[in-house]
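These notes concern the structure reproduced below.
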Amino acid sequence: MDISVKKIDLKTKSKFDSENFVIGEFSNSKSAQFKSLDKELSGLLTEAVEAENFKFDLGEVFTINLRKSEAEAAGLDSLRKILLVGLGDRSNFNKDLLKNERKAIAAAIRAAKIQKIKTLSFAVIKNPESVVEIAELVSYEFDKYKTKKDEDYSGLESLEICADSTAAAIKKSISEAQIIAESVNFARDLVWEPACTVTPTYLADVAKTIKGKGIKVKVLDKAQCEKLGMGAYLAVAQGSDQPPKFIEITYTAATYNEKRHKHLALVGKGVTFDSGGLSLKPPKSMEMMKEDMAGSAAVLGTMRAVSILQPKNIKITMIVAATENMPSGKAYRPGDVITAMNGKTIEVNNTDAEGRLTLADAVAYVSKYKPDAIIDMATLTGACMVALGNHCAGLMTNDQKLLDSVKKFADEKGELMWQLPLFDEYRVRLKSEIADLKNAGSGGQAGAQNGGLFVQEFVGDDDDGKQLPWLHIDIAGPCWFDEPNEWSPKGASGIPVRTLLSYIQSLS
Ligand code: BES
Ligand code: ZN
Ligand code: ZN
């Protein structure tokens with residue numbers, strides 16, 4: 001999408017050459033923009049609004065189609081459509097400004113799509129970057145495999161932001177918003193793509209396309225992982241014909257100073273297809289298991305944005321232990337005992353609890369670098385969806401401060417997240433008769449927590465022997481939306497790329 005900023009002063013005579021113009025208005029007061037445009041069009045706006053009894057409720061859109069003669073009479077020769085977007089009551093709107101703004105913008109973008117509008121001009125002043133971000137996110141579509149496409153219309157092509165200045169700061173924030181939204185869409189593409197395409201090798205190849213100053217990509221193969229003792233990750237991989245790929249991307253800002261700045265580790269679950277292994281899933285539960293690499297899509301999307309945005313004063317290490325989880329004559333079995341990279345032994349009581357085994361080695365591996373924080377994101381448990389539904393991720397941590405700061409950005413971005421506990425009382429459920437731990441735990445309750453408690457066993461210590469700050473984000477629910485929301489269509493959501501990028505920007 002082409003994005004541009006234009007300086008426009010609607011308070012005086014509006015001289016603009018847009019074809020389709022979006023203007024947001026409250027139900028209980030009208031802006032100077034609205035009034036001046038209405039005046040220029042000889043009261044046409046108020047007349048149409050009254051005739052339609054349009055109430056400017058939040059998210060409602062009313063399109064006024066102008067006749068050529070009407071537009072010309074007002075000296076607005078090229079203007080054809082005015083999309084009036086309701087913002088609802090002003091004080092209610094301001095109570096949750098960012099969310100309501102997203103709702104209004106999304107409504108306009110969706111209306112534009114229905115009307116097959118190709119170019120749109122937005123009259124906004126407050127947060128122009130939101131328009132760009134939401135436009136890119138809401139108009140996203142994965143139609144690659146549809147052979148019948150609309151030949152006349154392939155979506156919104158250009159977006160113009162009418163701001164009261166064209167200051168460099170506005171341009172910069174708009175271009176950042178676009179990079180961030182495109183990176184979310186990059187992650188969404190990876191989740192939408194079927195598992196016959198997105199294999200561990202494919203993810204490794206995607207990682208290699210991420211280039212830029214300070215970026216290094218390393219991919220370990222099976223033999224290298226064996227040498228490192230990654231028995232948990234490799235046990236999952238052994239049932240598949242697809243070779244495992246352990247992917248590492250580092251970004252080191254040119255300004256990074258080890259003593260003064262933060263080193264952040266991001267770990268994403270990259271199970272490119274989860275059949276359950278020998279503890280085979282029933283067909284309905286397996287249907288969507290291409291999405292089991294959504295954590296890896298999110299960290300790759302984040303690193304793509306990082307490679308372009310080049311945040312200062314930070315180092316980031318991204319890890320994806322990519323594999324398939326398949327049943328076969330070579331597959332790992334329930335009852336097998338395996339050893340993770342940190343030396344802990346694990347009894348496999350369910351081969352479908354494979355994600356935590358891949359994370360165990362990924363988290364143990366990255367702990368060796370002693371980062372300042374480790375954030376893992378994973379489609380880990382169906383139980384988390386039962387607890388929080390499919391719009392909300394589960395957060396679990398050993399460091400409340402880390403969780404609070406990430407959640408603050410999640411709240412701002414509308415990526416719903418909610419904390420779940422990690423009670424010591426439940427650790428006994430991970431006890432095994434034969435090994436240090438068992439992977440699926442026992443008891444069948446608090447499943448999201450069992451997953452979190454298991455992964456925590458593999459988080460290493462800092463130089464003082466204290467466990468490294470760690471945050472676990474279970475995204476089994478919100479990695480895929482069954483219904484659209486105010487910033488996303490149905491399908492792959494790209495969660496939590498926007499939250500992570502806000503957090504990274506706050507550290508830099
Ligand atoms: N990939 C699944 C979790 C999942 C479920 C993701 C639904 C997305 C949507 C995970 O590997 C899994 O199978 N977990 C098991 C754990 C159990 C065996 C302890 C589950 O949730 O049933
Ligand atoms: Zn599984
Ligand atoms: Zn899984």
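Every read-out reported here was derived from the displayed coordinates using simple, explicitly stated rules and does not represent laboratory data. If you're wondering where the values come from, they're calculated on a predicted model, not measured in any experiment. Counting neighbours? That spans all protein chains shown, and the Cβs are built from the backbone with ideal geometry, glycine included.
Once you put a point 7 Å from the Cα of E50 and another 7 Å from the Cα of I434, both along the Cβ direction, what distance in nm separates them?
8.3 nm
Return the whole-Å distance between the Cα centroid of segment 228-290 and the Cα centroid of segment 147-209.
Result: 24 Å between the Cα centres.
Suppose a student asked you for the relative contact order of segment 117-159, using Cα pairs under 8 Å spaced at least 6 residues apart; what percent would you report?
Details: 20 pairs, mean separation 33.9, N = 43.
Computed value for segment 117-159: 79 percent relative contact order.
Would you work out the charge dipole size for the chain about its Cα centre, treating the Cβ of every Lys and Arg as +1 and the Cβ of every Asp and Glu as -1, and quote it to the nearest 20 debye?
940 debye
Each residue of segment 425-441 in order: what ³J(HN,Hα) in whole Hz does its phi give by Karplus 6.51 cos²θ - 1.76 cosθ + 1.60, θ = phi - 60°, with x for Gly and Pro?
4, 8, 4, 4, 5, 8, 5, 10, 6, 10, 10, 5, 8, 10, 6, 8, x
Report, by chain and number, residues whose modeled amide H sits under 5 Å from the one on M417, excluding near sequence neighbours (fewer than 5 apart, same chain).
A393
I need the GluC sites (Glu not before Pro) found in segment 103-178, filtered to DSSP loop residues with at most 11 other beta carbons within 10 Å of theirs.
Details: sites: E129, E133, E136, E141, E151, E157, E160, E176; in loops: E141, E151, E157.
Filter output for segment 103-178: E151.
Grab the beta carbon distance between N390 and S29, set R0 = 30 Å, and tell me the FRET efficiency rounded to 0.05.
Numbers: r = 38 Å, r/R0 = 1.25.
With R0 = 30 Å, the Cβ-Cβ based efficiency is 0.20.
Loop only per DSSP, at most 16 neighbouring Cβ atoms within 10 Å: give me the GluC sites (Glu not before Pro) in segment 382-461, ordered by residue number.
Those that pass, being in a loop and sparsely packed, are E433.
For a test of the definition: using alpha carbon positions, the gyration tensor, and the 1.5 limit on a/c, classify segment 285-383 as rounded, prolate or oblate. Before the final figure, lay out the partial values.
On the way: a/c = 2.85, a/b = 1.55, b/c = 1.84.
In terms of gyration-tensor shape, oblate.
Using alpha carbons only, how many angstrom separate the centre of segment 432-485 from the centre of segment 311-326?
17 Å
Which order do peptides 60-66, 328-334 fall in by mean Cβ count within 10 Å, highest first? Working shown, then result.
On the way: 60-66: 17.4, 328-334: 14.0.
Ranking, from highest mean packing down: 60-66, 328-334.
Using the Karplus curve 6.51 cos²θ - 1.76 cosθ + 1.60 with θ = phi - 60°, what ³J(HN,Hα) values do you get for each residue of segment 82-94, in whole Hz, with x for Gly and Pro?
Coupling constants for segment 82-94: 10, 9, 8, 10, x, 10, x, 6, 4, 6, 5, 4, 6 Hz.
State which entries of K118/K218; K95/K172; K368/K438; K312/K401 exceed 32 angstrom in Cα-Cα distance in the structure shown.
Numbers: K118/K218 41 Å; K95/K172 27 Å; K368/K438 23 Å; K312/K401 22 Å.
Distance filter (> 32 Å) returns K118/K218.
If you plug each phi of segment 214-219 into the Karplus form 6.51 cos²θ - 1.76 cosθ + 1.60 with θ = phi - 60°, what whole-Hz ³J(HN,Hα) values come out, in order, with x for Gly and Pro?
x, 9, 10, 10, 10, 10
How high is the relative contact order of segment 127-229, in percent, with contacts defined as C-alpha pairs under 8 Å that are six or more residues apart? Don't skip to the end; give the middle numbers.
Values: 35 pairs, mean separation 37.5, N = 103.
Relative contact order for segment 127-229 comes out at 36 percent.
To the nearest 500 deg cm²/dmol, what mean residue ellipticity at 222 nm is calculated for the chain from DSSP H runs of n ≥ 4 alone, each contributing -39,500 (n - 2.57), summed and divided by the residues? Could you put the intermediate results ahead of the total?
Numbers: 17 runs with 181 residues, N = 508.
Counting only the DSSP helices, I get -10500 deg cm²/dmol.
Restricting to Cα pairs below 8 Å that are 6+ residues apart, what does the relative contact order work out to for the chain? Please round to a whole percent.
Numbers: 1146 pairs, mean separation 74.1, N = 508.
Computed over the chain, the figure is 15 percent.
Within segment 215-275, report the GluC sites (Glu not before Pro) that DSSP leaves as loop and that have at most 13 other Cβ atoms within 10 Å.
Details: sites: E226, E248, E258; in loops: E258.
Answer by residue number: E258.
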